[in-house]
Amino acid sequence: MMKINSVTVGLPVTDLNRAIEWYRKLLGELEEVSPMEGIIEMRVLSSFWLQLFEVEADESSLKSVNLETENIQLSHELVLSLGADPGQIETVPETIHYFEFSDPFGNLLSFYQLLSSNA
């Protein structure tokens, strides 16, 4: 069985700066990272991250669950074997490899693997 190291739940927001301020008030001082422009992640627990990302107002109903893996290729193959249609593995240089897919109910999921320089 594949081991999951951490879970990141992504929440779309229409005003990232306002959302960051609001979640800081709600959750208190947390470790924060910004893996790329327009995204902030807050470590809520040792293996649970809240990700805020900015979208247009008509996209605000999008949600995603992001699962960290140690082997992105193996995870991609697993998703394929379950009959899902994962996108290709993408890379954010010096940050992560990731791919997205939907569960049978239309929920957006992704697997990601941190690149060694960030581990």
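Taking the longest Cα principal axis of the chain as reference, the axis of helix 72-81 is set at about 70 degrees.
Modelled spin-label separation between K63 and E100, with each label point placed 7 Å from Cα along the Cα-to-Cβ direction: 1.6 nm. Hey, with R₀ at 22 Å, roughly what FRET efficiency would L74 and L115 work out to, going by the Cβ-Cβ distance, to 0.05? The pair L74/L115 has a calculated efficiency of 0.85. Axis angle, to the nearest 10 degrees, between helix 16-27 and the longest C-alpha principal axis of the chain: 90 degrees.
When both bridge partners sit in the chain, DSSP labels roughly 65% of those beta bridges antiparallel. Label sites at M1 and E32, each approximated as a point 7 angstrom past Cα along Cα to Cβ, lie 3.6 nm apart.
Under 5 Å from the amide H of Y112 lie the amide H atoms of L67, E68, T69, each residue being 5 or more positions distant or on a separate chain, with H modelled from the backbone and absent for Pro and chain starts. Once each part is reduced to its C-alpha centroid, what is the distance from the range 1-53 to the range 77-119 in angstrom? Answer, in whole Å: 18.
When peptides 95-103, 40-48 are ranked by their average number of other Cβ atoms within 10 Å per residue, the highest-first order is 95-103, 40-48.
Laboratory data are not the source of any read-out in this text; all were calculated from the coordinates shown. The structure presented is a predicted model; accordingly, all values stated were derived computationally and were not measured. Positions of Cβ are generated from backbone atoms using ideal geometry, with glycine treated the same way; all protein chains shown enter the neighbour counts.
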